[in-house]
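Written out below as structure tokens is the structure these notes cover.
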């Protein structure tokens, strides 16, 4: 059974650019959550998608957006990158939003210069 | 104020000892509680979940929940060097609510 995949694994961008990250959950898992992880703030919830609809949203500015496709794959976009956006971005999939067990992908390490 | 709080550590324990990791939460509506383990450079993995007051045991791991005190703990018996990792406490209010994580406690098991 294939695990959660995230692409790309590493990304270097400059301030002002935009970036798109991708996440494919385990087959059959229709809910995808996105998190930002930094040393100081820990794991912070960005948003969750289920059945192509955003079900929950964290306290991040509108520069952070996402979407989900019919095959459950999800993308996250960050526009007008800032230095503080440098972080590990993790996605986690689960069968549905009411399911407790979520499976994390390996993450995308974003560095903003 | 952080919704889920943990001591960042590091917590150092000798091999074979009991490691005790603690967590407090502020949302009294929280219903589900989780402990994740994250090795350096890896993604978090769920090791325990607990929903009702009391203890829940799984092998060398015991999760404890006290909703009146808004306190969750994880005990690791017979600690091994392979247990060295960051342990993340998380809570959820239920239904479609988001999972809120603490910043994690780094555990070092000394051989």
Original post:
residue A:26 fails exactly one of the following numbered conditions: (1) within 14 Å of chain B (Cβ to nearest Cβ); (2) in contact (Cβ under 8 Å) with a residue 24 or more places away in the chain; (3) surrounded by fewer than 13 Cβ atoms within 10 Å (Cβ to Cβ). What is the number of that condition?
Top reply: (3)
Original post:
On the given criteria, is residue A:44 more than 11 Å from chain B (Cβ to nearest Cβ), over 18 Å from residue A:9 (Cα atoms) and either modelled with pLDDT of 95 or more or under 14 Å from the mean Cα position of the chain (by Cα) (or both)?
Top reply: no
Original post:
Restricting region B:39-67 to residues that are surrounded by 19 or more Cβ atoms within 10 Å (Cβ to Cβ) and facing chain A (nearest Cβ under 9 Å), which is farthest from the chain's Cα centre (by Cα)?
Top reply: B:43
Original post:
Tally time: how many residues in region A:76-89 are touching a residue at least 60 places away in the same chain (Cβ under 8 Å) and away from chain B (no Cβ under 14 Å)?
Top reply: 6
Subject >> Residue that is nearest to the other protein chains (Cβ to nearest Cβ), among those in region B:21-38 that are free of Cβ contacts under 8 Å to residues at least 60 places away in the same chain and out of contact with any strand residue (DSSP E or B) (no Cβ under 6 Å at 6 or more places or on another chain) >> reply: B:26
**OP:** Go through region A:90-104 residue by residue and tally those that are within 18 Å of residue B:47 (Cβ to Cβ), touching a residue at least 12 places away in the same chain (Cβ under 8 Å) and assigned to a loop (DSSP other than H, G, I, E, B).
**Re:** 2
**OP:** Please state which of the following conditions residue A:60 fails to meet, knowing it meets all the rest: (1) within 15 Å of residue A:32 (Cα to Cα); (2) within 13 Å of chain B (Cβ to nearest Cβ); (3) within 14 Å of the chain's Cα centre (by Cα).
**Re:** (1)
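The rows are residues; the columns are (1) surrounded by 18 or more Cβ atoms within 10 Å (Cβ to Cβ); (2) under 28 Å from residue B:49 (Cβ atoms); (3) under 10 Å from the mean Cα position of the chain (by Cα).
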{"position": "A:18", "(1), (2), (3)": "no, no, no"}
{"position": "A:21", "(1), (2), (3)": "yes, yes, yes"}
{"position": "A:56", "(1), (2), (3)": "no, yes, no"}
{"position": "A:74", "(1), (2), (3)": "yes, yes, yes"}
{"position": "A:87", "(1), (2), (3)": "yes, yes, no"}
{"position": "A:97", "(1), (2), (3)": "yes, yes, no"}
{"position": "A:102", "(1), (2), (3)": "yes, yes, no"}
{"position": "A:107", "(1), (2), (3)": "yes, yes, yes"}
Original post:
What about residue A:35, is it at pLDDT 95 or above and closer than 17 Å to residue B:92 by Cα?
Top reply: yes
Subject >> Sole residue being assigned to a strand (DSSP E or B) and closer than 25 Å to residue A:92 by Cα, chosen from B:73, B:20, B:43, B:30 >> reply: B:73
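The values are calculated or read from the model by the stated rules, or taken from the named source; none is laboratory data. Bear in mind the structure is a predicted one, so any value in this text is a computation, not a measurement. Methodologically, a virtual Cβ is constructed for each residue, glycine included, from the backbone with ideal geometry; neighbour enumeration extends over all protein chains shown.
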